[in-house]
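Reading through the structure tokens given below for one structure.
The values are calculated or read from the model by the stated rules, or taken from the named source; none is laboratory data. A quick note: this is a predicted structure, and the numbers were derived from the prediction, not measured. Using ideal geometry, Cβ is built from the backbone for each residue, glycine included, and neighbour counts are taken over all protein chains shown.
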Amino acid sequence: STRPKLRPEPTAEPFSFEFDPDADDAPAASSTATAARPAAGRPADKDGYRPNDFSFVDEADEPDVKGWLEFSESRADARAERLRRLRTKLVAVVIVLALAGAGYGAYSLFGGSTPTAAAAATKSMLLFQLDDASGDSVGDALLVTNRGGAQDGSDATGTGAVVIVPAKMQIQSDFGTQPFGGDMTGSPIEPPADDSEVAATLGVTPDGDLTMDETTFGIFVDELGGLTVTTNTAVPASTADPSGVKQGNGLTLTGAQTVAYATYQASGESDSAQAVRFGQVVTALLVKLPTFGNAVTAQLNQLGLITKPSMPLSKLSPILAALAAQQQAGKITEAVLPLSQDGTDALNYTAAAPLVSKLLGGTMQAGASAGQAARVLVEDGTGLSSSKAQALLADAEAALQNAGYTFNAGSSVSEQAKTVVEVSSASQQSLAQQVATALGLSGSTVKIVSGLAQVDDVTVVLGADWSQLAGSTQ
């Protein structure tokens with residue numbers, strides 16, 4: 001095959017510039033005439049020009065040269081103006097960033113939360129105690145917060161709880177059976193419960209405790225501007241509180257009035273009634289507290305409060321701030337630990353167990369699980385009148401106590417024909433058989449039922465047949 005011939009590319013004419021300064025129409029002529037060529041001799045530079053191609057600029061007084069120079073200068077001026085504007089913008093940006101950084105730092109310094117402070121949700125528990133002049137704790141509360149976000153406590157996305165412990169609630173301690181709030185005037189002296197007693201009684205361990213005497217607490221309330229409380233009773237005037245407290249909605253109480261109301265228990269009132277008032281004061285306090293840890297620290301420093309080594313201000317303030325934020329956001333649940341109704345001021349374990357599990361995240365231990373005598377909850381399903389049912393319950397109580405078990409009186413349930421003995425797992429079946437024997441029941445009465453009370457080892461439901469089994473008459 002014949003190879004095609006390549007067409008030669010046209011050769012571009014070299015640029016030439018001829019300038020005659022004596023000719024008026026020289027520029028026009030030179031632009032329309034044949035292009036001036038570079039002088040022969042030295043080859044063109046790399047960019048296509050020779051050194052003498054622009055030698056005409058040395059004649060700066062010539063009109064055409066002057067115009068060319070002015071054009072060049074105008075381009076240089078425009079470039080300089082653009083650079084000046086760019087520098088101005090950069091300076092403005094730097095100033096804005098500096099001001100933003102200063103504001104950010106000031107916000108953090110004076111109590112603001114920072115994005116870098118975000119962390120996973122943290123559960124904290126604080127035992128707050130209000131002591132009287134003798135050292136007895138007249139108000140006790142477990143404060144729990146599940147705080148997320150800012151570590152300084154300002155994030156209210158979590159939830160919290162205030163669980164009031166009646167000061168006269170009986171617990172087991174190294175001193176034997178004693179009130180939770182202690183008895184510093186008795187013999188022997190019984191100090192208020194601490195973290196270890198809380199753990200032993202409720203199955204939860206506080207991270208630390210905060211104790212204030214009545215005088216310090218009153219000053220603290222006054223520094224916060226008083227507390228707003230809906231009082232449920234009037235409190236008579238006293239030496240510590242000459243003005244007394246009225247009953248009413250949304251009253252602003254001074255420090256002295258707050259202490260008087262929180263610790264007041266009228267003649268014949270239950271311990272739980274006073275505990276409820278103390279709980280009202282605690283939640284009112286959280287409403288008035290700052291919601292930033294640094295601000296809480298400033299308040300407590302102003303008070304001159306000396307905290308325990310286990311709970312320094314660096315730990316205490318964020319917890320209180322988180323509780324304040326959650327209380328003000330309506331995310332705090334309040335409760336009072338229930339006491340038994342038999343006048344012994346003993347904790348009602350059966351009623352308290354689900355409350356402790358839900359609000360405190362603990363599992364109460366009693367009876368066999370705590371190394372004590374097995375607890376037997378007895379419920380009334382006989383369908384009889386109250387007086388007759390009480391007599392039958394007394395028969396069951398006597399039989400169980402004689403066998404070495406701890407009797408726990410339960411509530412009335414729906415009537416059923418047969419008496420049953422219930423446990424929550426097969427591992428407790430042997431214990432249930434022993435309880436059935438103590439009550440004179442056959443082994444067939446034992447049932448395995450899920451969802452039973454957490455702190456009772458065995459549950460007995462007395463049926464209509466119990467009156468005959470117990471040897472009682474209707």
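Structure notes:
- Among residues that are in the same structural domain as Val163 (by TED's automatic domain parsing), in contact (Cβ under 8 Å) with a residue 60 or more places away in the chain, touching a Gly at 6+ places or on another chain (Cβ under 9 Å) and under 30 Å from Val204 (Cα atoms), Thr350 is included.
- The residues of the range 288-333 that are over 17 Å from Asn146 (Cα atoms) and not in a helix (DSSP H, G or I), listed by number, are Leu289, Pro290, Gly304, Leu305, Ile306, Thr307, Lys308, Pro309, Ser310, Met311, Pro312.
- Residue that is surrounded by the most Cβ atoms within 10 Å (Cβ to Cβ), among those in the range 213-243 that are of a type in the set (D, E, K, R) and in contact (Cβ under 8 Å) with a residue 60 or more places away in the chain: Glu214
Residues are listed down the side, and each one gets a yes or a no for (1) at pLDDT below 90; (2) among the β-branched types (Val, Ile, Thr); (3) assigned to a loop (DSSP other than H, G, I, E, B):
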position	(1), (2), (3)
Thr177	yes, yes, no
Pro192	yes, no, yes
Ser196	yes, no, no
Ala199	yes, no, no
Met212	no, no, no
Gly218	no, no, no
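- If you check Ala396, Ala426, Ala417 for being crowded, with 18+ Cβ neighbours inside 10 Å, at pLDDT 85 or above and not polar (S, T, N, Q), only one passes: Ala396.
- Residues of the range 429-455 that turn out to be in a loop (DSSP other than H, G, I, E, B), farther than 13 Å from Leu400 by Cα and touching a residue at least 12 places away in the same chain (Cβ under 8 Å), as a count: 7
- Breaking point among (1) at pLDDT below 85; (2) part of a loop (DSSP other than H, G, I, E, B); (3) under 35 Å from the mean Cα position of the chain (by Cα), for Gln372: (3)
- Taking every residue in the range 292-305 that is under 21 Å from Asp213 (Cβ atoms) and pairing it with any residue that is in a helix (DSSP H, G or I) and among the hydrophobic types (A, V, I, L, M, F, W, C), at least 6 positions away or on another chain, the pairs with Cβ-Cβ distances below 7 Å are Val296/Leu320; Val296/Ala321; Thr297/Leu313; Leu300/Leu313; Leu303/Ile219; Leu303/Phe220.
- Lone unmet requirement of (1) assigned by TED's automatic domain parsing to the domain that holds Val449; (2) surrounded by fewer than 19 Cβ atoms within 10 Å (Cβ to Cβ) for Ala335: (1)
- Gly361 satisfies every condition listed in (1) surrounded by fewer than 19 Cβ atoms within 10 Å (Cβ to Cβ); (2) at pLDDT 90 or above except (2).
- In the range 191-228, the residues that are farther than 23 Å from Ala133 by Cβ, aliphatic (A, V, I, L, M) and in contact with a helix residue (DSSP H, G or I) (Cβ under 6 Å, 6 or more places away or on another chain): Leu202, Val204
- Residue satisfying condition, being more than 18 Å from Tyr349 (Cα to Cα), under 45 Å from the mean Cα position of the chain (by Cα) and in the same structural domain as Ala373 (by TED's automatic domain parsing), within set Ser411, Ser425, Ser387: Ser425
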